[in-house]
1. For the condition touching a Lys or Arg at 6+ places or on another chain (Cβ under 8 Å) and not acidic (Asp, Glu), what is the one hit in Leu115, Leu96, Leu119, Leu83?
2. Restricting the search to segment 153-182, which residues are under 18 Å from Leu115 (Cα atoms) and either of a type in the set (Ser, Thr, Tyr) or open to solvent by 90 Å² or more (accessible area, probe 1.4 Å) (or both)?
3. Please find, within segment 109-126, the residue that is modelled with the highest pLDDT out of those that are in a loop (DSSP other than H, G, I, E, B) and surrounded by 12 or more Cβ atoms within 10 Å (Cβ to Cβ).
4. So which pairs qualify, if the first residue must be in segment 154-169 and within 18 Å of Asn47 (Cα to Cα) and at pLDDT 95 or above, the second must be among the acidic types (Asp, Glu) and not in a helix (DSSP H, G or I), the Cβ gap must be under 8 Å, and the two must be at least 6 apart or on different chains?
5. Are any residues in segment 54-76 open to solvent by 60 Å² or more (accessible area, probe 1.4 Å) and touching a Lys or Arg at 6+ places or on another chain (Cβ under 8 Å), and if so, which ones?
6. Check Glu101 against each of (1) acidic (Asp, Glu); (2) over 29 Å from Gly73 (Cβ atoms); (3) modelled with pLDDT under 90 and name the one condition it does not meet.
7. Can you tell me which residue in segment 32-66 is farthest from the chain's Cα centre (by Cα), limited to those that are hydrophobic (A, V, I, L, M, F, W, C) and part of a loop (DSSP other than H, G, I, E, B)?
8. Check segment 95-104 and report whether any residue there is in a helix (DSSP H, G or I), within 25 Å of Val135 (Cα to Cα) and open to solvent by less than 10 Å² (accessible area, probe 1.4 Å).
Amino acid sequence: MHQGCAAVICVLAVLGLEVAALGECELARLLQDKLQYEMRLKYMKHNFPIDYTLRVQHEEVLRTANITRLRDGKVSEVSLRYLWFHVCSQAVLHILEVLPEKHPSHEYTQGLSQLLDDLGMEYSGYQQVGLQSDVDTVVADLVKQLHSGDSRQKAVRPKALLDNCLKVLRMLFGTHCRWDSA
């Protein structure tokens, strides 16, 4: 009887470690799944007033064209994924700030925030100081600007913020994680 319990505890421990040790690609895949069109439409458009916008910093709107421009400037893929993480985390935090706890979109947005927090653990080795070697200077400066709050503001719909997060996620992680075409 005790051996059976030990086996169950061992299996649960292994499963727990697998969940706790999800890597960058697995977390990005979970985010992609959670950012499906139907979910973004339901939680970020239908549950908000018509034409509702958030005031966000200019740097918080990261589009595929921005990534292409940075790639042309020879910014590393690791740095681009690091930038994407910070921009999307900020976008989700802005959305959470305006949602009361009982709002129908709160739980969905909280789930996105948790996945991004988990992904942040993957990037915790990178620092925002100018001395890091893994993150290009231009990206470190953008991340610093993003967190300073001293930038131009623009009005953006919550769904548009997450649409951009998903498009850039697919652009940056698709090849890196060897996903089939999404």
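1. Step by step, each of Leu115, Leu96, Leu119, Leu83 is checked, and only Leu115 is touching a Lys or Arg at 6+ places or on another chain (Cβ under 8 Å) and not acidic (Asp, Glu).
2. The answer is Lys167, Arg170.
3. Residue satisfying both the conditions and the ranking: Tyr123.
4. Sorted first by the residue in segment 154-169, then by its partner, the pairs are Arg157/Asp51.
5. If the condition is that a residue be open to solvent by 60 Å² or more (accessible area, probe 1.4 Å) and touching a Lys or Arg at 6+ places or on another chain (Cβ under 8 Å), then Arg55, His58, Arg63 are the ones that fit.
6. (3)
7. Among them, the one singled out is Ile50.
8. No; the residues of segment 95-104 include none that is in a helix (DSSP H, G or I), within 25 Å of Val135 (Cα to Cα) and open to solvent by less than 10 Å² (accessible area, probe 1.4 Å).
The values are calculated or read from the model by the stated rules, or taken from the named source; none is laboratory data. Keep in mind that this is a model prediction, so the values were computed, not measured. Positions of Cβ are backbone-derived with ideal geometry, glycine not excepted, and every protein chain shown enters the neighbour counts. Please note that ligands, DNA and RNA were not included when accessible areas were found on the heavy atoms of the full protein model with its side chains. Shrake-Rupley method; radii C 1.70, N 1.55, O 1.52, S 1.80 Å.
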